Amino acid sequence: YTVPFFFFSLFTQTSKKANNAARGGRKHTQPKVTTMSSGGGYNGGRTRMGTKILLNIYDLSPANDFLYPIGFGLHHSGVEVLGSEYSFASGGGIFESTPKEAAGAIFREQVELGVFQGGSSEIRTIVSDLREEWSPTSYNLIRKNCNHFAN
């Protein structure tokens, strides 16, 4: 299984600064996210240990058919958890959508990122906490886009 280089570098790094900013300096415990092993089938995202966190990757250009194999391309991404997909867009900020149905994009693949140890109320709180940092006007095609958000 191969993940393009830029996705590998984006999604394998942890940003303490972003986590602190997302919490707004408040001291509260976020639900635990653990690394998950491969294997087993998809059963609605639920596992014995929590809910799967999935990265949905989309093509934004037909050129990706040629660029993707060498680790490049124009992609959109969203994070799926508990049956909803969350992403970030210019003019819209953080938004929720139906998984694997990004407007103007073609679904390419899904990557399992880990397991979420919480429920829908915790997800709503986390997304709400992120909205200030990921406001509709903060979008930047190069420095702060959907791929950065999915990180």
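The values are calculated or read from the model by the stated rules, or taken from the named source; none is laboratory data. Being a predicted model, the structure only gives us computed values, none of them experimental. Cβ placement follows ideal geometry from the backbone for every residue including glycine, while neighbour counts extend to all protein chains displayed. Quick note on the areas: whole protein, heavy atoms, side chains included, nothing else; ligands and nucleic acids left out. Shrake-Rupley method; radii C 1.70, N 1.55, O 1.52, S 1.80 Å.
When the residues of the stretch 87-112 are filtered to those that are part of a strand (DSSP E or B) and among the polar types (S, T, N, Q), which remaining residue is surrounded by the most Cβ atoms within 10 Å (Cβ to Cβ)? The residue in question is Ser87.
Conditions tested, residue by residue: (1) in contact (Cβ under 8 Å) with a residue 60 or more places away in the chain; (2) in a helix (DSSP H, G or I).
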| site | (1), (2) |
| --- | --- |
| Gly114 | yes, no |
| Gly118 | yes, no |
| Ser121 | no, yes |
| Val127 | no, yes |
| His148 | yes, yes |
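The number of residues in the stretch 58-78 being outside any loop (DSSP other than H, G, I, E, B), in contact (Cβ under 8 Å) with a residue 12 or more places away in the chain, surrounded by fewer than 21 Cβ atoms within 10 Å (Cβ to Cβ) and not acidic (Asp, Glu) comes to 2.
Looking at Asn151, Asn140, just one residue is closer than 18 Å to Leu60 by Cβ and either open to solvent by less than 40 Å² (accessible area, probe 1.4 Å) or over 13 Å from the mean Cα position of the chain (by Cα) (or both), and that residue is Asn140. Inspect the stretch 28-44 for any residue being at pLDDT 50 or above and part of a strand (DSSP E or B) and give the result as yes or no. Within the stretch 28-44 (the criterion being at pLDDT 50 or above and part of a strand (DSSP E or B)), the answer is no, since none of the residues qualifies.
With respect to (1) under 16 Å from the mean Cα position of the chain (by Cα); (2) modelled with pLDDT under 95, the lone exception for Gly71 is condition (1). Taking every residue in the stretch 81-110 that is within 28 Å of Pro69 (Cβ to Cβ) and touching a residue at least 60 places away in the same chain (Cβ under 8 Å) and pairing it with any residue that is in a loop (DSSP other than H, G, I, E, B) and open to solvent by less than 80 Å² (accessible area, probe 1.4 Å), at least 6 positions away or on another chain, the pairs with Cβ-Cβ distances below 8 Å are Ser87/Ala102; Phe88/Trp134; Phe88/Tyr139; Phe88/Asn145.
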